[in-house]
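Below is one structure, written out as structure tokens; the observations come after it.
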Amino acid sequence: MQEHRSYAAGFALVSLIVALAAAGCAGTGTGGVGDPQPVPEEGTTMDPSPRPGADALGCGQQFEAPDDGVLAVDGQFPSSVSGTDRDVTGTVEVTSHRAVRGVVSPRAEVFLVQQGRVTAVPAAQDLMGVQWDLAAGDVEQLPGDVPLVSCAPSGGPVPAGDYELYARVAIAPDDGTDRLVSYGGPWPLRVT
């Protein structure tokens, strides 16, 4: 009988954990994720990930890099890759035009554009953010990569051809204001 009680208690505990996890993951927004909210305590940070619909890079979407003047984004990427490569990897260098403190993803978001339209989107990131405290003129470096997979519904490798590679870096300021999103590129890329 004692053994039966321990199984029942274990089952109840596991059920409670699953219920709490499901409730915590449900969130309030679309896709099970609530909108990030600024933390009111001084010195804390907020989620640097994009909000649904904000700064979205849609497949086939017309793209022209905006100039926001907060961060200058430069990159070092190969100019040619084989179509059999899995991704394009490089380094992004960010220079701040003014003082800014906040959280940034540890990898730049890199994507491909062909004939003015997005053809390959950044890889998903599920990483902890990095705190930056930049003065005007400060420089930081981030790795960046883009899978050589078409974002078209048919998927598959991107076709051989000429592309433009762009990098996006977003910083979520500690003061709770909107994310500062900056773009770099285009850098020419030939897929053979």
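The values are calculated or read from the model by the stated rules, or taken from the named source; none is laboratory data. Nothing here was measured: the structure is a model prediction, and the numbers come from that model. Heads up, the Cβs are rebuilt from the backbone with ideal geometry, glycines too, and the neighbour counts pull from every protein chain shown. Note: areas computed on protein heavy atoms with side chains; ligands, DNA, RNA excluded. Shrake-Rupley method; radii C 1.70, N 1.55, O 1.52, S 1.80 Å.
Number of residues in region 87-106 that are at pLDDT 95 or above and of a type in the set (K, R): the value is 1. Scanning region 136-175 for residues that are among the small types (G, A, S) and under 19 Å from the mean Cα position of the chain (by Cα), we see that the one that is surrounded by the fewest Cβ atoms within 10 Å (Cβ to Cβ) is S150. From D85, D133, which residue is within 16 Å of D162 (Cα to Cα), open to solvent by 40 Å² or more (accessible area, probe 1.4 Å) and acidic (D, E)? Exactly one of D85, D133 is within 16 Å of D162 (Cα to Cα), open to solvent by 40 Å² or more (accessible area, probe 1.4 Å) and acidic (D, E), namely D85.
In region 119-130, of all residues being surrounded by fewer than 20 Cβ atoms within 10 Å (Cβ to Cβ) and in contact (Cβ under 8 Å) with a residue 40 or more places away in the chain, the one that is nearest to G60 (Cα to Cα) corresponds to Q125. Screening M46 on (1) over 30 Å from P153 (Cβ atoms); (2) at pLDDT 70 or above; (3) open to solvent by less than 30 Å² (accessible area, probe 1.4 Å); (4) among the aliphatic types (A, V, I, L, M) shows it passes everything except condition (2).
Got at least one residue in region 93-110 being within 14 Å of L189 (Cα to Cα) and small (G, A, S)? No, region 93-110 has no match at all. Report, ordered by the first and then the second residue, all pairs with beta carbons closer than 6 Å, sequence separation of six or more or different chains, a first member in region 165-192 that is among the small types (G, A, S), and a second member that is surrounded by fewer than 19 Cβ atoms within 10 Å (Cβ to Cβ) and modelled with pLDDT of 95 or more. Cβ pairs passing all conditions: G184/D74.
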